[in-house]
Amino acid sequence: MKKIVSVQDISCYGQCSLTVALPILSSYGIETAIMPSAILSTHTSGFKNFTVLDLTEELFKILNHWVDENIKFDAIYTGYIGDVRQFDLVSQAKERILNKNGLLVVDPAMADNGKLYPALNEEIVLGMRKIVAESDITIPNITEACLLLDVPYRETYDLEFAKGLAYNIAQMGPKKVIITGLTVTKGKISVLCYDKENDEYIYNEENICKKSYHGTGDIFSSVLIAHILNGDSINDAIKKSMIFVIDAINKTMDDDSHNYGVKFEQVLNEK
Ligand code: PXL
């Protein structure tokens, strides 16, 4: 049984970060530990006056205790990080609690639709660059890919532009760069992976969904990591993760009162 630790916040309400990563990874038979980076009343997109309790100092204590207990993981999966000190924590965790052939997977969850999330700033972008450089796999959306490379965000672009982003992020360090949320063909949503070890691009397209929702990036990353840890090829893992997210959106779209996240639980029950 594979063992993973996920470093991201608990948004107590809103179907994102740890409240989606934990159930999804567990349902795929992966033992999942957590390093809750902060506790927020809700996520920060679409809710006003959310509360935040930072847990940075606690995370260092948790790490030290796990080192004393000789606890190790097959993967570390990071998502939204709200405090710059936590980038060092991730680097230390890689050194101290990741198995020799373990994977550091960084979803640099910090921006969407051309904008940083409301509570974040440029220092977070710099920190994300540092842990992306140390990662084995990174999963930015197109906005995050532009921020990682300091390239101006564009609403329209072609596949060559996306390939350039993926290639250049791979030069920062990671072996695989998976860019999500691309629209290079009208009416389609796509994901592009650059696999540096095989010097190959893997491209998948699906029909676009009529609505977009918060938290779908976290769901995509969690399903993707589950498939990778369970031994699927990267292409199969990407395809299955795309279908999972699209199914979850389809199950949510007819409920106008449910606009803060998607009903991924129903997809989990059917798989
Ligand atoms: O889904 C990314 C995410 C995670 N955690 C928090 C967020 C966001 C996006 O806004 O605000 C707290």
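Taking a ≥ b ≥ c as the square roots of the eigenvalues of the Cα gyration tensor of segment 70-110, is the shape rounded (a/c under 1.5), prolate (a/b larger than b/c) or oblate? Because a/c hits 1.5 or more and a/b fails to exceed b/c, segment 70-110 counts as oblate. Under the combined filter of DSSP loop state and at most 14 neighbouring Cβ atoms within 10 Å, segment 122-208 retains these trypsin sites (Lys or Arg not before Pro): Arg154, Lys186.
Hey, can you find the accessible area per residue of the chain for me, probe 1.4 Å, expressed in square angstrom?
45
Measuring between alpha carbons in the structure, the pairs from Lys100/Lys240; Lys239/Lys263; Lys239/Lys271; Lys211/Lys263; Lys2/Lys163 lying more than 25 angstrom apart are Lys100/Lys240; Lys2/Lys163. Each Cα pair of the chain feeds into the Kirkwood radius, which the Stokes-Einstein equation turns, at 10 °C and 1.306 mPa s, into a diffusion coefficient of 86 µm²/s. Rg and Dmax of segment 70-142, both derived from C-alpha coordinates alone, stand at 12.5, 42 Å. For segment 45-186, relative contact order (Cα pairs under 8 Å, six or more residues apart, normalised by length) works out to 21 percent. Per the Cα gyration tensor, segment 1-94 maps to an equivalent ellipsoid with semi-axes of 23, 17, 9 Å, ordered largest to smallest. Accessible surface of segment 186-252, 1.4 Å probe: 46 percent of it comes from carbon and sulfur atoms. Summarising the strand pairing of segment 1-140, around 20 percent of its internal DSSP beta bridges are antiparallel. Ligands, DNA and RNA left out, the 1.4 Å accessible surface of segment 24-152 is 51% carbon and sulfur atoms.
Here's the list of aspartates and glutamates a cross-link from Lys61 could span, going by alpha-carbon distance under 19 Å and ignoring same-chain residues fewer than 8 apart: Asp9, Glu69, Asp83, Asp88, Glu95. Across all Cα pairs in segment 124-259, the calculated P(r) in 5 Å bins from zero up to the longest distance comes to 2, 10, 20, 22, 21, 14, 7, 2, 1, 0 percent per bin.
For the chain, DSSP calls about 45 percent of its internal beta bridges antiparallel. The simple spin-label model puts a point 7 Å past each Cα toward its Cβ; for Leu116 and Cys12 those points are separated by 2.7 nm. For the chain, set up a Gaussian network in which alpha carbons nearer than 10 Å are linked by springs, and say which option among Gly181, Gly164, Gly14 fluctuates the most. Maximum among the listed residues: Gly164. Taking a virtual spin label 7 Å from the Cα of Ser41 along the C-beta vector, which residues in segment 50-76 bring their backbone nitrogen under 12 Å of it? Flagged as within label range: 50-53. Of all lysines in the structure, the ones whose alpha carbon falls short of 19 Å from that of Lys48, not counting any fewer than 8 places away in one chain, are Lys115. The slack between Asn198 and Met172, meaning 0.36 nm per residue of separation minus the straight C-alpha distance, is 7.7 nm.
The values are calculated or read from the model by the stated rules, or taken from the named source; none is laboratory data. Because the structure is predicted, anything quoted here is derived from the model rather than measured. Cβ coordinates were reconstructed from backbone atoms using ideal geometry, including for glycine residues, and neighbour counts include every protein chain displayed. The protein model used for the area step is the full one, side chains on, heavy atoms only, and it has no ligands, DNA or RNA in it. Shrake-Rupley method; radii C 1.70, N 1.55, O 1.52, S 1.80 Å.
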